[in-house]
Every structure is written in C-alpha cells, then in structure tokens.
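One structure below.
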Amino acid sequence: MAKITGAQMIIKCLKEEGVEVIFGYPGGKVIPLYDALFDSDIKHILVRHEQGAAHAADGYARVTGKTGVCIATSGPGATNLVTGIANAYMDSIPMVAITGQVSRAQIGTDAFQEADITGIVAPVTKHDYLVKDVRELPKVIKEAFKVASTGRPGPVLIDIPLDVTTDLIDENFKVEINLPGYKPTIKGNLKQVKQAAKRIAESKKPVIFAGGGIISSGASDVLKKFVKIAKIPVITSLLGMGSFPEDNQLSLSMAGMHGTKYANLTFTEADLIVAIGVRFDDRVTGKLSEFAPNAEIIHIDIDPAEIGKNVKVLIPIVGDAKIVLTDLKNEYENYIEKKGIPDRKDWLTRIKYLKNAYPLKYDRNSSKIKPAYVIEKIYELTGGDAIICTEVGQNQMWAAQFYKFTQPRTLVSSGGLGTMGFGLPAAIGAKIGRPDKTVIDIAGDGSIQMVSQELSTAVTNKINIKIMLLNNGYLGMVRQWQEFFFKRRYSQTCIHNCVDFVKLVEAYGGVGISVKKKEEVEGAIKEALGINNVVLVDFWIDKEENVYPMVAPGSPISEMLESEMLEGV
Amino acid sequence: MGHIISVLVENKAGVLAKISGLFSRRGFNIESLAVGPTDDEKISRITLEVNAEEHSIEQIIKQLYKLINVIKIQELNPSNIVERELVLIKLSADSKARPEILEIVNVFRANIVDVARKSLMVEITGNSTKVRALEDLLRPFGILELVRTGKIACSRGSKD
Ligand SMILES: Cc1ncc(C[n+]2csc(CCOP(=O)(O)OP(=O)(O)O)c2C)c(N)n1
Ligand SMILES: [Mg+2]
C-alpha cells in the first residue's frame, strides 16, 4: 500500500469531512502540513493574526451551518487562537482548530514555541486531542468533526506534534471512531412533550423564547408553523435573532438589558415561557429572582446541563430543537383538536398594546447622524437581505435593535463572550461561506482596531465585505456605563481621532468613504454596496448617543431606563 | 455536605485534569480522590469526595457528563455503600510504648507492617470513621507520618 505522511493524511481526512476552506497562519511546526495543503484543492485564507482565523472560521460556520476549520502553529500561534475558540464555545459554534505542536520527544521540555495548548483550551472547548501517533490521525479527525457538529455544537482542538505530521502511514489506514461517553439525546421524551403541549394549550399568557439552538438545529420553519397554529408571541435572545421573522406581528424581538421594553414586559406578565435552545443568560434575565415572576417554564434544550441551571423549570425536555418542536407542534394540534382552540384574544391584544406603547425610538429629527438612523438605512437599502456581522458594544446593540432580522443565519454576533474584534474577521468568514450575499460588518471604532489588520486579508483575497463603522470616538458602551453609573468620569474610554479610517482602509487597497453629514448617509451606503471591493464607510455618529432602553445591572428587566428619564428628549 | 461521586471514564491522558478542572473553576476543593482501572482496562473509575451544595453538585454532574471521555457518573448514597480508605501511619514507638499500641491495633483489626528501633508502621483499612478513631488514639504516641489513599466506595447489592 502506498505510504503518505501524517500531514498528507490530515489533508485527506479534511477532504473526507467535506472541508472546502481553511482559515490559518503558518509557522515552524505546521510547515509540513502547509506543504501538504499546497497540493490540495482545499482553499486556504491566510489571515494576519490567528485570532482572525478562529473568528473567520466561526463566521463561516454561523452562516453555512458547516464546521469551520482553522490552523495555527505551535506556541504563540496556538495561544493567539484562544479568544476565537472561547468565543465559539460560548456561542456553541461548530469549529475544528488544528494546532502544530513541538515534536513528541520535546513535549514538556519548554522547547522553543511550546505551549500546553490542550491544557489551555480545555475549559473553552467541547473536546481536545493531542495526537501521539500518526495512526490516530484518521480516527481523531473523524471524531473531532463529529463532536464539533453534533449535539450542542462547539469547538474541538487537535494538537499535532511536528514529527507526527512527517511520520509515514498507509494511505488507506482507517480506525473506526469510538466515543463511548458521547451520546447526545436528540429525540425529546414524548411524555414530556405531551405535557408541554397540554400546558401550552391551557396557558392564558404564553410566550416563546427562541435562541441560537433554533438556528443551529434548523428549526426556524417548524417554529414559524407552530406559532402560526398556536398564536404565541416570540421573543428571541441575541443569538436567536433571525430564527423568527421580526416583521411578523407576533415577533417581540430581543429581550434583556438592551432588548425591547415590550419583550421585557411580556416576560414579566407571561404565565408560561416556552424556552427553546436558550440558556437564560444574565444579560437576558436581569435580576434573576425577579425574572418572569408569574411564569412557569418549559425548557427545551439539547444540553441537559442548561436545564435548571439559572431558572426553575416546570417541564424539561432534552433533545434537538427541530425534532422536539416538530413533535410539540403535532401534539399541540392533537390536543386542540380534541379540547378546542384556546382563547388568547386578551393576551394578543395586550401584546399588541405593549408593542405600540413602547416602540424602540431615537431622535429622528436630530441633524446629527444617529446610529439607529444608519442601521435603518442599511436595512432599507439591503432589503433586509444582507448578512449582518457586528462588533461588540453599542454598535452591536443598535444593529440588533434597528435591523430587522427575518431569516436564520443572517446575524453574526459575539453573544456569550462579547468579543471586540469579532465582527471583521467573522464577516470575512461569512462572505467566504455565502459569496452570494451582501455581508456587512457593523463596526465600532474601538472594536475594529483590535483586528484592523484583517482588512488586508479581505482586500488581498477579494473578499468584498462592507464595513459600516459607527464611529463615536469612544469605547461607547463603556462610556455609557460611566455616564450612567460613574458620574460621567470617562476614564480611558475616549479614542477620538486616533486614526483616519478612510486612509487606513485605502492603505490596504480598499475603499474608504467618510460620512460626516446626515444627508450623506443614504448615498454613502448605496455607493458602498455598489463598489466591487472592500469598502469601509466611516460614519461620524453623534458621539454621546446612548443605547436605550437599558436595564441597569442588578435590576429586574421590567425596570428599564429610557432616554426621556435621563436626557429629557 | 460531603458527596461521593463515582465516575467511569475512558482510561486516557488528560481526563483527570479535565474533571478536576470542573471543580476547581467553581472553587470547590476535592477532599479525596482515587483512580484506577476497572475490570476493563480501557475504563477507569474515579472516586471523588467533595463538599458542595446540592444544587452545585447537580450542576457539576451535568457538566461532567458533557466531557466526551466520561462514560457514567453515579452519586453514591452514603447510607447504602461500602466505603473504604487505606491509611499508613508511622509512629514513634520505643519498646515501652509498643504493648499499648499493639493492643489498640488489635482492637481495630489493623496491622503492624513495619517495625524499626524507634518506630512502627500501622496499616488500617476501613471507613473514615474507623480510620479517624484509630488516628485519634494513636496521635498521643507521636505520628511521624500519615499517608492515606483516596476513598473508594461501592454501592451495596440490592436487597430484594
Ligand atoms: C476584547 C474585549 N475587550 C474589552 C471589552 C469591553 N468592552 C465592551 S464594549 C466596549 C467598547 C467598544 O467600543 P467600540 O468598538 O467603539 O463600540 P461602541 O460601543 O462605541 O459602539 C468595551 C471596551 C470587550 N467586550 N472585549
Ligand atoms: Mg465606539
């Protein structure tokens, strides 16, 4: 049988897993791997920093549903991946990260560029492997993709010593995978599902709380069907945005710290929450002891550890969101067929009232460029059909509030870890995954500077993403907290005029557009969307604009700060 | 509250570190730990004793299940188990003290496993109450060194 190197085997296995693109950065311990890649038709995107590789793989995974793959060398290459891996872990994104390692005999000797990367990432990966024998490679790679992409998805790291990549192995060598401890529960317990259907039908004031689990399991269509039958309003988490169309009258958009007031009030008034693929993060629940005081909770999640973690649950259902929701829809239909359709008129009237009474708002008449205005224009001019990536901070919240997400996998945002610098590389990955789509990074001036070198990755690879920079000259979200809770003492949050972003993107070969007047906003967005290159539009927005409404940390979500209270607008 | 948790894992490098990491990141100290292969050498049993609130233990067990190499977890009910630890106690013991020590050791059905001119070594197996009682009685003679294994435990056969 023909022999190949470990490195060639890795590429062969990646091909077998259907990998089409890898985001990475070479170095001493992965030269053989990159040499094998040289002969392969797998596309490789050379980033400018390994964090960018992990985020790009993450963005690619979020928009395609496939497993994102990134590669880094040992030591600093591997440690540079860590933020991106942790980010994917917190948001349950399927990813396989491959790192080079020093040769087996050198492990544990503090060899040049050695880092105990499996030890470092253990708490932020679903699983990790250190490959000690070339014959383990086929099995490990197969297992890694299986673990990353099934159950509750997440990142898996494979650490491969240099000499394992140069050892020889039979081309067709195979070992069956063996994961005796890994059996995710997919099908929900039907008895519980029946109980849930009954409880939902009996509820006077039910609300659905839809999370990222709906998107990762592809349950959006079933959710829509169920809602149509059951007439229940839907609140989403940040990661759940797009799982239910926001232009539907039963959509209450996002709840939580910067959610809509009507979503938060709906939670507070509801007598039943049907939570699907969400984990009741503290940014959603606010003060936990006062969260949804009148509601019982049905919690559907593929990860049993999420159920009962933060809130008390009446009916737990462990299983895949799509499969459980399909069963639930059927059981619900059976139930109401026998017992009649529940009367939800009062509740739906109340929901309608709340939506009308507490809309999201901003000062539309201001002559300054309001960030909400920019986002609304982006929504209009893209017909709501773009993929929106965000950075972290106010920009992220404005994007979530004012862009209407109507399809799954169209919002790419760092929810759990809140990683500044995620948006730009994630947009690169998203555009590679969905070249047919307009991909926009709604950026902040602070965040983008954490990764601005990736502009080079985008331009050189002709990944024509559009960056809409909401430039307020501040680390705005932190400044907002300082304004509200620290007597306007803006300690270390002012970054006014620190760089000319237009020149910066031009230096990389992209196009920069500066927008300093409200009248120019629309034209600039149109222009940017029409240019066949990477474009950064630098919007000089109202510097001290705040994100409203806001739940102060430690407060119940029913108590929201609003612009009128604080600014008399 | 002390909880005894018995975990079956794949016998592989790094598994123990991951398990102990789940405890340490929550600030829980592992009071006692014993690891060894089962009748199937590919599978090891880890027996842990931890002090933690009921709710935290539940959450930790769920998190333990998420580790890919963990096969099975049991929280053992202290009233229905056989629990053992083994302790070696090196005592300073001249010829005058020996008869009294021997008497105590006999009562506890412990063993003398080493005798030197100025010291003795006692071996005892039993549950922690028994071991502690012996330790207390021997302390006045002067304990030079005490080595204990982690606790192991096995649930009793069903009575029906
Ligand atoms: C890597 C990282 N460091 C620090 C923070 C804390 N943080 C959250 S928002 C924010 C400000 C973000 O500033 P910018 O990107 O300009 O966005 P803006 O809020 O102004 O829209 C900071 C510093 C973070 N989330 N991530
Ligand atoms: Mg800013």
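Given A:Thr390, A:Thr406, A:Thr419, which one is away from ligand 1 (no atom under 13 Å from the Cβ) and of a type in the set (Ser, Thr, Tyr)? Spell out how you get there, then give the answer.
Working: A:Thr390 fails: away from ligand 1 (no atom under 13 Å from the Cβ); A:Thr419 fails: away from ligand 1 (no atom under 13 Å from the Cβ).
Every option except A:Thr406 fails the conditions.
Got a sec? Which of A:Asp301, A:Asp346, A:Asp320 is surrounded by 20 or more Cβ atoms within 10 Å (Cβ to Cβ) and away from chain B (no Cβ under 14 Å)?
A:Asp320
Those residues that are within 30 Å of A:Ser217 (Cβ to Cβ), among the β-branched types (Val, Ile, Thr) and outside any helix (DSSP H, G or I), I need them from region A:85-114; list them, please.
If the condition is that a residue be within 30 Å of A:Ser217 (Cβ to Cβ), among the β-branched types (Val, Ile, Thr) and outside any helix (DSSP H, G or I), then A:Ile93, A:Val96, A:Ile98, A:Thr99 are the ones that fit.
If you go through region A:443-475 one residue at a time, how many are within 16 Å of ligand 2 (Cβ to nearest atom) and either within 14 Å of A:Gly59 (Cα to Cα) or in a loop (DSSP other than H, G, I, E, B) (or both)?
7
State whether one or more residues within region B:58-66 are touching a Phe, Trp or Tyr at 6+ places or on another chain (Cβ under 8 Å) and more than 9 Å from chain A (Cβ to nearest Cβ).
Yes, region B:58-66 contains at least one residue that is touching a Phe, Trp or Tyr at 6+ places or on another chain (Cβ under 8 Å) and more than 9 Å from chain A (Cβ to nearest Cβ).
Given the criterion assigned to a loop (DSSP other than H, G, I, E, B), within 10 Å of another protein chain (Cβ to nearest Cβ), without any contact (Cβ under 8 Å) to a residue 40 or more places away in the chain and surrounded by fewer than 20 Cβ atoms within 10 Å (Cβ to Cβ), identify the matching residue among B:Ala13, B:Ala17.
Working: B:Ala17 fails: assigned to a loop (DSSP other than H, G, I, E, B).
Being assigned to a loop (DSSP other than H, G, I, E, B), within 10 Å of another protein chain (Cβ to nearest Cβ), without any contact (Cβ under 8 Å) to a residue 40 or more places away in the chain and surrounded by fewer than 20 Cβ atoms within 10 Å (Cβ to Cβ) holds for just one of B:Ala13, B:Ala17, which is B:Ala13.
Checking B:Pro37 against (1) within 14 Å of chain A (Cβ to nearest Cβ); (2) loosely packed, with under 13 Cβ neighbours inside 10 Å; (3) within 27 Å of A:Thr125 (Cα to Cα), only one condition comes out false. Which one?
With (1) within 14 Å of chain A (Cβ to nearest Cβ); (2) loosely packed, with under 13 Cβ neighbours inside 10 Å; (3) within 27 Å of A:Thr125 (Cα to Cα) applied to B:Pro37, the lone miss is (1).
For A:Tyr373, only one of the following conditions fails: (1) within 16 Å of ligand 1 (Cβ to nearest atom); (2) assigned to a loop (DSSP other than H, G, I, E, B); (3) out of contact with any Leu (no Cβ under 9 Å at 6 or more places or on another chain). What is its number?
Single failed check for A:Tyr373: (2).
Just checking, how many residues over region A:398-414 are farther than 15 Å from A:Tyr379 by Cβ and either within 16 Å of ligand 2 (Cβ to nearest atom) or not aliphatic (A, V, I, L, M) (or both)?
We begin by selecting, within region A:398-414, every residue farther than 15 Å from A:Tyr379 by Cβ; these are A:408-409, A:412-414.
From the residues that got through so far, the ones that are either within 16 Å of ligand 2 (Cβ to nearest atom) or not aliphatic (A, V, I, L, M) (or both) too are A:408-409, A:413-414.
Of the residues in that region, 4 qualify.
A:Ile341 is checked against (1) surrounded by fewer than 18 Cβ atoms within 10 Å (Cβ to Cβ); (2) in a loop (DSSP other than H, G, I, E, B); (3) outside the structural domain of A:Leu223 (by TED's automatic domain parsing) and fails just one. What number does that condition carry?
(3)
Look at B:Ile43 and say whether it is crowded, with 16+ Cβ neighbours inside 10 Å, in contact with an Asp or Glu (Cβ under 8 Å, 6 or more places away or on another chain) and under 30 Å from A:Asp133 (Cα atoms).
It is true that B:Ile43 is crowded, with 16+ Cβ neighbours inside 10 Å, in contact with an Asp or Glu (Cβ under 8 Å, 6 or more places away or on another chain) and under 30 Å from A:Asp133 (Cα atoms).
Out of the strands (runs of 3 or more DSSP E) lying entirely within region A:115-191, which hold 1 or more residues that are surrounded by fewer than 17 Cβ atoms within 10 Å (Cβ to Cβ) and either away from chain B (no Cβ under 11 Å) or out of contact with any Pro (no Cβ under 6 Å at 6 or more places or on another chain) (or both)?
Strands (runs of 3 or more DSSP E) meeting the threshold: A:168-170.
Suppose we keep only residues that are among the small types (Gly, Ala, Ser) and closer than 25 Å to A:Met420 by Cα within region A:80-114. Which one would you say is farthest from the other protein chains (Cβ to nearest Cβ)?
A:Gly84
What are the residues in region A:513-555 that are in contact with a helix residue (DSSP H, G or I) (Cβ under 9 Å, 6 or more places away or on another chain), surrounded by fewer than 17 Cβ atoms within 10 Å (Cβ to Cβ) and under 27 Å from A:Tyr262 (Cα atoms), if any?
Across region A:513-555, the qualifying residues are A:Glu544, A:Ala552, A:Pro553, A:Ser555.
Can you pull out every residue in region A:537-554 that is out of contact with any Phe, Trp or Tyr (no Cβ under 6 Å at 6 or more places or on another chain) and within 15 Å of A:Ile378 (Cα to Cα)?
Scanning region A:537-554 gives A:Val537, A:Phe539, A:Ile541.
The values are calculated or read from the model by the stated rules, or taken from the named source; none is laboratory data. A quick note: this is a predicted structure, and the numbers were derived from the prediction, not measured. Cβ atoms come from the backbone with ideal geometry, glycine included; neighbour counts cover every protein chain shown.
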